[in-house]
1. Anything in region 21-36 that is touching a helix residue (DSSP H, G or I) at 6+ places or on another chain (Cβ under 7 Å) and touching a residue at least 60 places away in the same chain (Cβ under 8 Å)? List them, or say none.
2. Among the helices (runs of 4 or more DSSP H) confined wholly to region 31-134, which include 2 or more residues that are charged (D, E, K, R) and surrounded by fewer than 21 Cβ atoms within 10 Å (Cβ to Cβ)?
3. What residue, among those in region 165-196 that are of a type in the set (Gly, Ala, Ser) and more than 22 Å from Leu210 (Cβ to Cβ), is surrounded by the most Cβ atoms within 10 Å (Cβ to Cβ)?
4. Suppose we filter Glu50, Glu57, Glu88 for residues that are on the phi < 0 side of the Ramachandran plot and modelled with pLDDT under 85; which single one remains?
5. I'd like to verify a number: residues in region 176-196 that are part of a helix (DSSP H, G or I) and more than 15 Å from Glu224 (Cβ to Cβ), how many?
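The values are calculated or read from the model by the stated rules, or taken from the named source; none is laboratory data. These numbers come from a predicted model, not from an experiment. Quick reminder, even Gly has a Cβ in these numbers, built from the backbone with ideal geometry, and neighbours come from all protein chains shown.
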Amino acid sequence: MTRYGGGVMTEEYDLFISHASEDKAPVVLPIVDVLSKFGLRIWLDERVLEVGDSLSEAIDRGLARSRYGVVVLSPAFLSKRSGWPGYELRGLNAKEVGSGKVILPIWHNVSRAEVLDHSPLLADKFALDTSRFSHGEIALRILKVVRPQIFNNLYRWSLFKERFQKGSVEFRPLSELKRGPIRHYTLPKSLLLRARIVHEILSEASYLTLGDLIDNFRRDAYPEEEMRIWENIAAAYAIYTKERSLQQEEKRRVLGTLLSISMQTDETLSHLLKENPKDKELWDLVETYGSVIPKVDQAHEENK
C-alpha cells in the first residue's frame, strides 16, 4: 500500500537506489527500511523486479519514474564502471541535466580522492558518509530533501512530545490559539490558479473560503508540497462524488475522511483499515485517493 500523506507525485517513486550488490545488506537495506516506514516509494531492484523481467527496461523505467536517485559510492561501486551501477549513474546524471538536484550521494568506505578520480561532479556534491552518520541519521537527512513536509511534521511532533513530557496540560478556548506566521508575501500565479481550482471542486463540502485556502498556503513552509496534497484530495473527492447522489452532510463527511487519509502513514492507514474491515466507504475512499493519477501504458505510447 502506498503512503499518501506527502501528496501523490507525477512520478511513481520518490527514490531510485543505485548501489553495488556487496553494499545491499550492510548499507542499503537498513536505510531503505527506515525510509519505507515514513512512506517513501522506493525503487530497489529486489523489491521491484519479478522473475523474467528485463533488467535494462526495468532500470530505465525506474530512473524515468523516480524523483531522486540515491547513489551508494563504495569501492565495489567504483569498480563497476561498465556494470549496472555505472549504467544507473549515467542515467541519473542525464536526468539531473536541466532538472536541478537529483543525485543524493552516500559514501561508504571511500575517500574524496577516490570519488574525485571516478567523477569530479560527484566529488563536488555534499555526501552522507557512513563513517560519520548512522543509518537512521542518513535516512532522516534524505527524508528532509525528498519529502520535507514529512520531515517537518516529524520534527514538530518530536518537539511537541518533548515539551508535552516536560510541561503541564492547559485547556484554552479556540479563540486564544494563534495561527502560524505568514511565510510568503505572495504566491506564484500558477499556485493561485491551482488553489482556485481546488476550491471550486471542494467548495460545496468545505467551510473554507478561497481567501482562507490561499492564506493557509501562504503560512505553509512548503506550499507546493501542500498544494499537491490538496489537489489529490480534490481529485479523489470529484471522482468519488461524481456518480453518487450525496447530501451536503455526506459530502462533508467524505471530504473529512479524505483529509484524514492524506495525513496517514502506510502503517497507520493499514491499522485504520484493519480496525474498520466493513466500512465500505472508507475502503473505497482509500482506493480512490491512491489511484487518482492515471496510469500510462508506456509500451502502447511508444508503439503509436
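1. First, pick out the residues of region 21-36 that are touching a helix residue (DSSP H, G or I) at 6+ places or on another chain (Cβ under 7 Å): 22-23, 30-31, 34-35.
Hits for region 21-36 are Asp23, Pro30, Ile31, Val34, Leu35.
2. Helices (runs of 4 or more DSSP H) meeting the threshold: 45-48, 55-64, 84-96, 112-118.
3. Of all residues in region 165-196, those of a type in the set (Gly, Ala, Ser) come to 167-168, 175, 180, 190, 195.
Cutting the leftovers down to more than 22 Å from Leu210 (Cβ to Cβ) gives us 167-168, 175.
Values: Gly167: 8, Ser168: 5, Ser175: 5.
Residue satisfying both the conditions and the ranking: Gly167.
4. Values: Glu57 fails: modelled with pLDDT under 85; Glu88 fails: modelled with pLDDT under 85.
Within the list Glu50, Glu57, Glu88, the selection yields Glu50.
5. So the first thing to find is which residues in region 176-196 are part of a helix (DSSP H, G or I), and the list is 176, 189-196.
From what is left, the residues that are more than 15 Å from Glu224 (Cβ to Cβ) are 176, 196.
Residues flagged as part of a helix (DSSP H, G or I) and more than 15 Å from Glu224 (Cβ to Cβ) within region 176-196 amount to 2.
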